[in-house]
DNA sequence: AGAATTTATTTCAAGTATAAAATATCTGCA
DNA sequence: TGCAGATATTTTATACTTGAAATAAATTCT
């Protein structure tokens with residue numbers, strides 16, 4: 001007789017939260033110390049690095065799963081640092097396209113290398129098979145992919 | 001020849017972030033609509049419900065893995081709502097013990113029931129074996145348990 | 001064309017979060 | 001005893017986050 005399903009699910013959720021917070025705390029500190037930057041900024045740069053032609057504000061907030069207003073502020077600060085630029089979209093004067101500047105692309109490349117290393121350490125306990133298992137399971141959690 | 005280990009680990013991390021944000025968005029909204037409350041407040045109540053004798057501020061922030069100053073603010077608001085109370089610890093005048101009020105315990109009980117239901121829906125795709133797998137894997141992620 | 005609606009983004013108010021500085025208290029030890 | 005250092009918490013400054021309201025521009029429907 002095993003534990004009821006709802007309790008098991010709750011347990012998974014709580015454990016996931018805990019692991020996540022712990023890893024994020026490490027990342028946050030590392031980003032701050034090595035790059036004087038933050039996790040949200042890294043996330044925005046990362047999305048823009050993946051979409052080199054740029055993204056609209058709304059696409060950015062959808063990809064990051066955060067509110068529109070939130071992205072406005074982060075992009076503003078990144079623009080202030082010269083890492084991203086906002087350009088008008090022609091054909092739609094409501095929209096703004098955000099993309100990496102050359103400086104931003106270069107900066108992100110350094111951060112991404114370090115970031116991959118930190119994650120690699122945090123998840124060093126897992127071998128390839130286990131990682132595949134995790135991917136398969138996590139892909140079925142929540143709705144669609146990243 | 002499979003993908004290199006560091007990339008696989010990164011993939012797991014990104015997928016976990018994505019799933020988490022999606023689920024949290026749902027929980028946040030549900031908590032707001034049904035209880036006019038928030039996730040951080042729920043987390044604090046949850047910890048206090050588990051430790052009925054109360055917790056010190058520092059124990060609370062350690063369990064929740066958030067900063068001390070953060071907990072100060074959330075507890076302040078919960079105290080304003082009459083859901084928690086702060087009492088002096090005798091033998092140490094620096095410390096504060098926080099615990100649920102009867103109203104807080106009652107309120108939390110309602111919230112917890114609903115919360116379990118929401119999580120149960122969000123993770124409805126998984127059966128018992130898969131949940132056990134997830135637990136085992138997640139327990140090895142980051143450092144120690146919750 | 002002109003009004004109503006929808007879409008894209010920003011602004012706003014309130015709450016959440018961190019790191020660092022400030023307080024207050026406690027503990028260990030010369 | 002008295003003080004140096006450690007501990008518990010709050011305060012402060014700044015950043016992040018949300019949901020809702022406000023703008024502004026595009027689209028739809030007569």
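Restricting to DSSP H runs of at least four residues, report the calculated mean residue ellipticity at 222 nm for chain A, -39500 (n - 2.57) per run over all residues, nearest 500 deg cm²/dmol.
-22000 deg cm²/dmol
Using a Gaussian network model on chain A with a 10 Å cutoff between Cα atoms, which of A:73, A:82, A:91 fluctuates the most?
In the Gaussian network model the winner is A:91.
Distances in nm, one decimal, shortest first, from residue A:114 to the same residue in every other copy, taking the label point 7 angstrom along Cα→Cβ.
Nearest to farthest, the other copies are at 4.2 nm.
Give me A:46, A:37, A:124 sorted ascending by neighbouring Cβ count inside 10 Å, so fewest comes first.
Ranking A:46, A:37, A:124 by Cβ neighbours within 10 Å, fewest first, gives A:124, A:46, A:37.
Placing a label point 7 Å from Cα toward Cβ, how far apart in nm is residue A:28 from its equivalents in the other copies, listed shortest first to one decimal?
So the label point of residue A:28 gives 1.5 nm to the other copies.
Suppose you put the label 7 Å out from Cα in the Cβ direction; list, shortest first and in nm with one decimal, how far residue B:46 is from each other copy's label.
The answer, with the shortest distance listed first, is 2.3 nm.
Would you mind ranking A:24, B:29 by Cβ crowding within 10 Å, fewest neighbours first?
Lowest to highest Cβ neighbour count: B:29, A:24.
Need one number: nm distance between label points at residue B:135 and residue A:116, each 7 Å from Cα along Cα→Cβ, rounded to one decimal.
Taking the simple label geometry, residue B:135 and residue A:116 are separated by 3.6 nm.
Can you give the angle from 0 to 90° between the axis of helix A:39-50 and the longest principal axis of chain A, with both taken from C-alpha atoms, to the nearest 10?
It is inclined by approximately 70 degrees.
Between the helical axis of A:5-35 and the dominant principal axis of chain A, each derived from Cα atoms, what acute angle in degrees is found, rounded to the nearest 10?
Tilt relative to chain A: about 40 degrees.
With no solvent and one point per C-alpha, what does the Debye sum give as log10 I(q)/I(0) for the protein assembly as shown at q = 0.07, 0.15, 0.16 Å⁻¹?
-0.32, -1.28, -1.37
How would you rank A:61, A:67, going from fewest to most other Cβ atoms within 10 Å of each one's own Cβ?
A:67, A:61
Please report, for the Cα atoms of region A:38-138, the Rg to one decimal and the Dmax as a whole number; what are they, in angstrom?
15.8, 50
The numbers here are math on the coordinates, done by the rules we state, and not lab data. None of the values given here were measured: they were computed from a predicted structure. Cβ atoms come from the backbone with ideal geometry, glycine included; neighbour counts cover every protein chain shown.
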